[in-house]
1. Of all residues in the range B:68-125, how many are over 20 Å from B:Trp17 (Cα atoms) and of a type in the set (Phe, Trp, Tyr)?
2. I'd like the residue in the range A:64-93 that is away from chain B (no Cβ under 13 Å) and in contact (Cβ under 8 Å) with a residue 40 or more places away in the chain and, out of all such residues, is least open to solvent (accessible area, probe 1.4 Å).
3. Has the range B:180-187 got at least one residue that is farther than 14 Å from C:Ala160 by Cα and facing chain C (nearest Cβ under 9 Å)?
4. Can you report the number of residues in the range A:97-109 which are more than 9 Å from chain B (Cβ to nearest Cβ) and either over 21 Å from the mean Cα position of the chain (by Cα) or of a type in the set (S, T, N, Q) (or both)?
5. With A:Arg139, A:Arg117 as the choices, which residue is at pLDDT 90 or above, away from chain B (no Cβ under 14 Å) and within 20 Å of the chain's Cα centre (by Cα)?
6. When only residues in the range B:151-168 that are open to solvent by 20 Å² or more (accessible area, probe 1.4 Å) and farther than 16 Å from B:Tyr215 by Cβ count, which is farthest from the other protein chains (Cβ to nearest Cβ)?
7. Please enumerate the residues belonging to the range C:196-250 that are assigned to a loop (DSSP other than H, G, I, E, B), open to solvent by less than 70 Å² (accessible area, probe 1.4 Å) and either modelled with pLDDT of 90 or more or touching a Ser or Thr at 6+ places or on another chain (Cβ under 9 Å) (or both).
8. Let me confirm something: among B:Leu100, B:Leu118, B:Leu23, B:Leu13, which residue is modelled with pLDDT of 90 or more, over 22 Å from A:Ala101 (Cα atoms), part of a helix (DSSP H, G or I) and out of contact with any Leu (no Cβ under 6 Å at 6 or more places or on another chain)?
Amino acid sequence: MSIVALRDAVVLLGRFPALSGVDLEVDAAEIVLLQGPNGAGKSTLLRFCAGLLRPHSGSAVVLGHDLRESRPAVRRSVGLLGHDTALYDDLTVTENLQFLARASRIEPEEVGSALDRLGVSARLRDVVVGRLSAGQRRRVALAGVALRRPELWLLDEPHAGLDQGGRDLVDGLVAEAAADGATVLVASHDLDRALDLATRRVSVVGGTVTPDAVGGAGIVDPLGLSSRQER
Amino acid sequence: MYTDIWLVADKDLRIEWRSRVALSQILPFALTVLVLFGFALNANREVLTAATSGLFWLTVLFVAVVAVQRSTAIETADGARRALLLAGIEPSSVFVGKALAIAVQVLGVEILMVGGVLVFYGATVESFPLLLATCVVATLAIAASGTLLGALVAGVRARETVLPILLLPLLAPVLIAASRAFDDALGVLAVDGWAWLGLLAGFGVVNALLGTLAYGPLLEET
Amino acid sequence: MSADAVNTGSRTTRLLGSAVLVGVLALILLGFFGAPEDDEQADAVRMIFVHVPSAFLTYAALATTALGSVMWLWKRSRWWDVVAHSSAEIGVIFCGLTLFTGSVWGRPTWNTYWDWGDVRLVTTLILFLMLVGYLALRSAGGDENAVATRAAVVGLLAAANVPIINRSVEWWANRTLHQKSSLTDGNLEDLTLFTLVVGIVVWALFFVWAMIHRFRIGWLEHQLQAVDLETALAQRRAEATAESTGEANQ
């Protein structure tokens, strides 16, 4: 079963067609790298797959749920790291994640281990998020995604603003998630890093998905196992 | 459902308590308005006594507008609204939770304001139960309609100005009913305060019901 | 598209419009020369031929807006959204007219332009403020669907609260000054009653006429946006082709 199945999906932001007809199929345990220039629609594509936006036309099924009707069900099973971290400035790191955990019916005890995985030191956990640096904040947001153990990870520039150690942690997290059978969509400009990770690469331009420009086939296949996909 | 309501209310109150906005800004604002009414009415005891209930509740409406704006700002900053959606909490629980948090804050301000009118306007309380019941019921009604409209204007560019022009006319019956109930409780007018309380409750129920139904579709529109 | 598309008129509206013109003429004749003057209110009574129909249509328009709001929230029907918007805009005009004629009538009758004791007039004033808020929200702009949903909720809030507002004002002003409902108390002269009914019919026809025109404007705007969207989509897709033809893939 495809985790993501979009057919000619059009998504409007106001009157602007941010996605102008996307065809995309993603299978379980794939790590798909979305690349493309600024304003191409990568972030919108991720938010759309998260069930936050209504399709204007076309068909869109994510995790078996139709995005026209059952967006709440999709939202519950995905983890989205957006441009903004969606954290409350006036709550501490722990309080923020405990809120997320309780809302998602996850044991609050797991907050500690999620923060451990992202290397958020114990010293920072009782600090209000508003006082964190941009990089620390992003780590906390990533811990929030990891905490929920989503079936579909949607990461928008996960490496941005992180130090070397943080980037390594992100890569480890993504690899681990895929190994556990989760599916990952990553939008990144950090190609060197993201390429190593991805099992497939997709170009997003003009709000639509085009055949990969460089390889001509849209597949990164380090082991050379899978057949080439012609478009 | 109750755990979600509590979760949201607890979060909002915690944030408000941390930022101390209610304490350090809304409360002084309310007391300032009460004092300014005193100046505007030439500190005339007779006029002030007659007008106490109305001035009190008018001030509460202003406080409510500010409190709703704060409550909305919590969710619009840094895409936190999206976090609420992704967390999968039922929108109706978010609505009730946020409304309760607003109600607690406004009620706290009201209690101190009662002290204010006793001191500045020389008001006397005839019926404490009626006074308290009016505060609780009216505040819940105000919080319900305020929370609904707060979510409604969250995505509007000019939300600071749109909120009061939508909220204040809607709260006109609350102003009338709560002021009359207070008139009775303060012994200013011989009216049936408890009947007015019933009207307040009716207003609260109708708008809370609309709020629980409409909050989901509103949250969905980003 | 045919010429109809750029003109909101049609045979029906022209017929309706003519009927309204004739009706207004008849109303003027009946109102000023047909109906007798009132024993107490003298000529001032003639104001009710405008006041009562306006009030009637204000609430009819509000009901239409509420219905349109429900249908938008339920079926996400753009058609009903445009109906709700159109009806609110026309309703606010009727509402203003009700308030204006009401206070002008109040001057000779009660010796004051505005009396807070008049339950229905005060209720209508609050409704007027809510309708103004509704239109302000509409004009604040934003995503078409979001605007429709927000406006629908406000429309429903206004409609649901009218009975409560009315009740609160009624208790508050238990010394109500307002005429008992002019239509039901049976004290009116036959010709006065007849003129009043004519007034309501003429105003209702006017409402339908204005609704059709306003609706068509709204619908044309919607279609224009659909055309704009096609252009925007084509432009957006062109970005993609421009990018890939420049590469090795063709």
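The values are calculated or read from the model by the stated rules, or taken from the named source; none is laboratory data. No experiment lies behind these values; they were computed from the predicted model shown. Please note: Cβ atoms are built from the backbone with ideal geometry, for glycine as well, and neighbour counts cover all protein chains shown. Accessible surface areas use protein heavy atoms only, side chains included; no ligands, DNA or RNA. Shrake-Rupley method; radii C 1.70, N 1.55, O 1.52, S 1.80 Å.
1. Result for the range B:68-125: 2.
2. A:Val93
3. Within the range B:180-187 (the criterion being farther than 14 Å from C:Ala160 by Cα and facing chain C (nearest Cβ under 9 Å)), the answer is yes, since at least one residue qualifies.
4. Adding up the residues that qualify gives 4.
5. On inspection, the qualifying residue turns out to be A:Arg139.
6. B:Glu160
7. Here is the first cut: in the range C:196-250, the residues assigned to a loop (DSSP other than H, G, I, E, B) are C:246-250.
Imposing the further condition that a residue be open to solvent by less than 70 Å² (accessible area, probe 1.4 Å) reduces the set to C:246, C:249.
Scanning the range C:196-250 gives a single hit, C:Asn249.
8. B:Leu118
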